[in-house]
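Please read the structure below before turning to the comments.
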Amino acid sequence: MTGISTDDVFSPSLGTKLLQKRGIKYFLLINPNLFSCARINQTAREIFELCNGTNSLEDISKILSNKYGIDLERLRKDVVQTTELLYSYGLLVRPNDPNPIPQDMFRVGNLEEVWINVTNKCNLHCLTCFKNAGTKYPRELTVEEIESLVKEISSNFHHLTVIISGGEPTLREDLIHILKVIKDNMLKVHLITNGTLLTRSMISEWKSIGVDFVQVSLDGSKPEVNDVIRGEGIFQQVVNNVKLLKEFDLRFSLYPTICKLNLEDVPNMIKLFSEITGRSRFSAAFFAPVGRGSINEGDLAVSSDDYIELFKRIIKDKRLSPMMRNLEGFESQIDRVPPNLTRKLNCGLGTATISIDADGSVYPCHWLHLPQYKAGNIRERRFSELYFKSEVLQRLRGIRVDKLENCAECEIRYLCGGGCRALALIKNGSLEARFPYCDFFKFYFDHALWGVWDL
Ligand SMILES: C[S@@+](CC[C@H](N)C(=O)[O-])C[C@H]1O[C@@H](n2cnc3c(N)ncnc32)[C@H](O)[C@@H]1O
Ligand code: SF4
Ligand code: SF4
């Protein structure tokens with residue numbers, strides 16, 4: 001027992017409420033202020049309801065023991081265990097305890113991923129491409145510049161992943177050197193590629209230097225879907241090439257961007273991609289109408305309702321729904337309701353995530369490569385100075401879900417974090433505007449919290 005005695009009296013913390021849903025056999029205790037949440041059974045519900053600020057745990061044990069004719073000793077144990085758990089989640093408090101403070105529960109100030117676009121050059125011309133990639137910039141970062149950037153990042157930040165993207169990174173002849181520098185500096189590296197140029201010797205080198213993860217873009221389960229977006233013959237090329245990743249036992253995923261042209265194909269993608277990769281987890285990107293994606297937005301944009309309809313179809317399919325529990329970005333939240341829950345104040349732009357373009361410009365995220373959000377250039381100022389001192393990044397860090405007009409009262413605000421702020425800007429005009437997929441997030445989290453995919 002962690003400091004809890006049977007003489008102690010508990011009551012719900014400020015804002016905690018009990019929810020019930022028809023057809024579901026357990027209950028949800030939720031405190032939106034914290035965000036804390038627990039799924040509980042009927043017994044735990046009774047214990048919670050008897051924690052009314054008057055009954056001690058001993059009183060509660062006796063009440064329930066009399067009511068159900070269960071041995072008092074056994075009940076006492078159950079009552080203490082349940083109370084301890086709910087107390088540790090901040091859902092119950094003792095009279096003299098301060099109410100748990102939400103801010104204490106958030107991870108703030110950690111840089112988790114730095115995107116480095118190593119080139120803007122690309123051999124494909126995808127309809128969606130948010131980078132509008134194709135042509136190399138006149139003065140892209142040299143391997144020496146990337147090396148000193150990586151060293152600086154490694155000496156100032158820890159437990160961070162470098163995401164190598166572009167353009168198409170495999171077009172850089174010195175890519176292996178870049179990857180090696182990252183690994184030599186003890187950072188994780190995650191590579192995003194269109195998968196068309198993979199060779200046996202390339203993959204063998206990646207394996208030997210310890211590349212942590214390879215994300216291969218594929219936008220359909222068949223050529224008729226993928227090749228409309230990515231180009232003629234690309235589907236077959238990628239499917240053939242990823243066999244090498246499998247052969248060398250590199251961790252990899254096939255990763256689509258969901259847009260109108262492949263929305264209907266998502267269930268097929270889930271099946272095929274898990275067969276090819278052997279992974280039970282399906283990840284996908286929301287289509288962002290940025291770059292070439294904005295030029296083609298009319299043909300590509302997907303609404304919140306489209307996503308909801310898609311999810312309803314997937315949930316109905318028992319073979320597919322377990323993978324939905326692992327949809328990227330949500331997995332940590334729903335794998336286990338507390339204590340594993342990640343609480344968020346925002347999507348992490350400019351704090352957890354930074355994106356560096358191939359010319360050295362630093363931005364708060366890969367979808368916000370816009371002049372007004374440029375923090376500076378690593379050719380002019382050290383990366384860590386930009387990260388900590390840039391006026392733009394500091395301003396963005398002030399964006400918090402509990403201060404956004406649309407989100408301040410939302411029950412799942414600290415779970416959702418207010419959605420992607422770049423998409424709010426692009427679709428609705430400001431970084432503080434409504435997240436365009438808000439309805440879908442509400443639908444998704446509702447299902448996740450009620451454990452619909454656990455049944
Ligand atoms: C710009 S690409 C660069 C790396 C590489 N060339 C590739 O295609 O994988 C990085 C990722 O963004 C995805 N992507 C492209 N256009 C997008 C868009 N409009 N919205 C969201 N993701 C997009 C790609 O599918 C890929 O997974
Ligand atoms: S999405 Fe990737 S492969 Fe497609 S054009 Fe953009 S950079 Fe090239
Ligand atoms: S985006 Fe929607 S679901 Fe997320 S916190 Fe805001 S209101 Fe809630």
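Since every read-out is calculated from the coordinates, none of them should be taken as a lab result. Everything numeric in this text was worked out from a predicted model, so none of it was measured. We place every Cβ from the backbone using ideal geometry, glycine too, and count neighbours over all the protein chains shown.
Annotations for the structure displayed:
- Under 5 Å, built H, 5+ apart or other chain: amide partners of Lys188: Leu160, Val162
- Distance from the Cα centroid of the range 291-312 to that of the range 217-283 is 19 Å (rounded to whole angstrom).
- Put simply, the amide H of Trp115, placed in the peptide plane, has neighbours under 5 Å in Ile163, Ile354, Ser355, Ile356, leaving out anything fewer than 5 places away on its chain.
- Each part gets one Cα centre, and for the range 147-163 versus the range 3-62 those centres are 45 Å apart.
- Backbone amide hydrogens, once placed in the peptide plane, bring Ser56 within less than 5 Å of nothing, excluding anything fewer than 5 places away on its chain.
- A simple rule links phi to the HN-Hα coupling: the Karplus curve 6.51 cos²θ - 1.76 cosθ + 1.60 with θ = phi - 60°, which for the range 198-214 gives 5, 10, 4, 5, 4, 5, 4, 5, 4, 5, 5, 8, x, 3, 7, 7, 10 Hz, with x for Gly and Pro.
- Computed from Cα atoms, the angle from the helix 438-449 axis to the main principal axis of the chain rounds to 50 degrees.
- Among the listed pairs Lys151/Lys271; Lys136/Lys271; Lys188/Lys374; Lys183/Lys374; Lys180/Lys374; Lys222/Lys344, those whose Cα-Cα separation exceeds 30 Å are Lys151/Lys271; Lys136/Lys271; Lys222/Lys344.
- Low-density loop cleavage sites - GluC sites (Glu not before Pro) in the range 371-455, where at most 15 other Cβ are within 10 Å (DSSP): Glu380, Glu405, Glu409
- Cα gyration tensor category, rounded, prolate or oblate, for the chain with a/c compared to 1.5: prolate
- By definition, a body whose alpha carbon gyration tensor gives a ≥ b ≥ c is oblate when a/c is 1.5 or more and a/b is not larger than b/c, and the range 1-47 fits this oblate description.
- The DSSP beta bridges internal to the chain are antiparallel in roughly 40% of cases.
- Against the chain, whose longest principal axis comes from its Cα atoms, helix 72-88 is set at around 40 degrees.
- Working note: Karplus 6.51/-1.76/1.60 with θ = phi - 60° gives the range 264-277 the couplings 5, 8, 4, x, 5, 5, 4, 5, 5, 5, 6, 4, 6, 8 Hz, where Gly and Pro are set to x.
- Here the 3J(HN,Hα) profile of the range 306-312, calculated from phi with Karplus coefficients 6.51, -1.76 and 1.60 at θ = phi - 60°, is 4, 5, 4, 4, 4, 5, 4 Hz, Gly and Pro shown as x.
- Within the chain, helix-based [θ] at 222 nm, where runs of 4 or more DSSP H residues each add -39,500 (n - 2.57), nearest 500: -11000 deg cm²/dmol
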